[in-house]
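Remarks on the structure that follows.
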Amino acid sequence: MSELRVVLAVSVISWGGILYFLLRLDARIKALERQYDSR
Amino acid sequence: MGGGKLSWKYTLGFWFFLSIAGAFVYAPPAMGLGDLARIIFFHVPLAWVGVLAYLVAMVNGVRYLKTARPEYDHKAAFNAEIGLVFTLLATVTGAIFARHTWGMYWNWDPRQVSIFVLLLIYGAYFALRSSVENPQRRARLSAVYISLAFITVPFLVFIIPRLYPTLHPDPILNAERRINMEGRMLQVFLAFLAGFTGLYAWIAQLESRVLRLRARFKR
C-alpha cells in the first residue's frame, strides 16, 4: 500500500510538472501571437 | 496565462489529476495481477495516441501529395514525432509490466517485436527527412513514406500480435469483441483514454501554432 502511495505521489507531481510546462509554453506562444497581431 | 481559450486546458489538467487519483484510489486491484494492472491506465492510452498521431500524420501526408502545401508536410512530421514519443512511452510502460509479470523487461515477445518494428519504421521516417536537403523533394518523399508507413500500423498493432502465441494479456477489446474489465477500472480507463486524447490535441495545437508563427515571422 505504501508503494502505491509513492507511485500516486510521483504521478501527481509528474503531471503537475507537465501541466505547468504546457501552460507556460501555451502562454508564451500566446504572447508571441499577440506581439505579431499588434504589429 | 488566463483567457477563455485556456479554460479547456485547465479542465484537462484537473481531469488528469482526478484520473490519477481514480487509478490509485478508486479502481480496485485486478484479479491475478494486483496493483500492477494499474499500468494499463497509462499503457493502452499511450499506444492509442501513438496510433492516432500516425493516422493524422498519414492524412497530412496525403494532403501534401494532393496540394503540395508545405504546412501539410510540417503537420505530418510533427504528428509522426508525437506518435513516436507516445509509442516509445507505451513500449517503456509495457516493458515495466513485462519485468514484473514475465521476469524480464524485454524477451522478444510478438507484441514487443511488432512495436519495435513500428518504432523502426517511424524512426526511419526522420532518417529519411534528414537525408534529403531539397525541401520540396524531402516533403514529397516524406509524404509518400508516411502515407505508406501507416498501412503497417493495423498489422503491427492489431493483427500480427494476435496471430502468434504471446505472453501479453488479452487486449482490452478481446477476440470475442467484449471488454472484460471491472466496472470502476473501466471508468478510470475511459477517463484516461479521453484525457490522453485531449493531451494529444493540446500538443498538436501548440505545434500548429508554433508553425503558424514561424511562417508569419518569416514573411
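The values are calculated or read from the model by the stated rules, or taken from the named source; none is laboratory data. All figures in this text were calculated on a predicted structure; none of them were measured in a lab. Note that each Cβ is placed from the backbone with ideal geometry, even for glycine, and that neighbours are counted across all protein chains shown.
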* Filter result (within 8 Å of another protein chain (Cβ to nearest Cβ) and either exposed (fewer than 11 other Cβ atoms within 10 Å of the Cβ) or of a type in the set (A, V, I, L, M, F, W, C) (or both)) within the stretch A:1-16 -> A:Glu3, A:Leu4, A:Val7, A:Leu8, A:Val12, A:Trp15
* To do: Give the residues of the stretch B:2-24 that are modelled with pLDDT under 90, exposed (fewer than 13 other Cβ atoms within 10 Å of the Cβ) and not hydroxyl-bearing (Ser, Thr, Tyr), sorted by residue number.
  => B:Gly2, B:Gly3, B:Gly4, B:Lys5
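Residue by residue, here is whether (1) within 14 Å of another protein chain (Cβ to nearest Cβ); (2) touching a residue at least 60 places away in the same chain (Cβ under 8 Å); (3) farther than 19 Å from B:Arg63 by Cβ holds:
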site: B:Arg111; (1), (2), (3): no, no, yes
site: B:Gly123; (1), (2), (3): no, no, yes
site: B:Ala127; (1), (2), (3): no, no, yes
site: B:Pro154; (1), (2), (3): no, no, yes
site: B:Val188; (1), (2), (3): yes, yes, yes
site: B:Ala194; (1), (2), (3): no, yes, yes
site: B:Lys218; (1), (2), (3): yes, no, yes
* To do: Return only the number of the condition from (1) at the interface with chain A (Cβ under 9 Å from one of its Cβ atoms); (2) without any contact (Cβ under 8 Å) to a residue 24 or more places away in the chain; (3) of a type outside the set (Lys, Arg) that B:Val59 does not satisfy.
  => (1)
* Enumeration of residues in chain A that are within 30 Å of B:Arg219 (Cα to Cα), at pLDDT below 90 and either in contact with a Pro (Cβ under 7 Å, 6 or more places away or on another chain) or in a helix (DSSP H, G or I) (or both) -> A:Gln35, A:Tyr36, A:Asp37
* Filter result (in a helix (DSSP H, G or I) and either at positive phi or in contact with an Asp or Glu (Cβ under 7 Å, 6 or more places away or on another chain) (or both)) within the stretch B:7-45 -> B:Lys9
* Structure fact -> Considering residues that are buried (at least 17 other Cβ atoms within 10 Å of the Cβ) and at pLDDT 90 or above, the number found within the stretch B:160-192 is 5
* What residue, of B:Thr166, B:Thr197, is part of a loop (DSSP other than H, G, I, E, B) and either under 22 Å from the mean Cα position of the chain (by Cα) or charged (D, E, K, R) (or both)? -> B:Thr166
* **In the stretch B:6-27, residue nearest to the other protein chains (Cβ to nearest Cβ) [restricted to those that are under 20 Å from A:Ala9 (Cβ atoms) and over 21 Å from the mean Cα position of the chain (by Cα)]** => B:Phe24
* Asked: exposed (fewer than 15 other Cβ atoms within 10 Å of the Cβ) and either within 20 Å of B:Ser142 (Cα to Cα) or in contact with a Leu (Cβ under 8 Å, 6 or more places away or on another chain) (or both), is that true of B:Pro70?
  -> yes
* Structure fact -> Condition set β-branched (Val, Ile, Thr) and surrounded by fewer than 16 Cβ atoms within 10 Å (Cβ to Cβ), scope the stretch B:73-100, selection farthest from B:Arg209 (Cα to Cα): answer is B:Ile96
* To do: Check off (1) crowded, with 22+ Cβ neighbours inside 10 Å; (2) under 23 Å from B:Ile115 (Cβ atoms) for B:Ala27 and give me the number that stays unchecked.
  => (2)
* Asked: Can you tell me how many residues in the stretch A:17-39 are within 8 Å of chain B (Cβ to nearest Cβ) and either touching a residue at least 12 places away in the same chain (Cβ under 8 Å) or of a type outside the set (Val, Ile, Thr) (or both)?
  -> 11
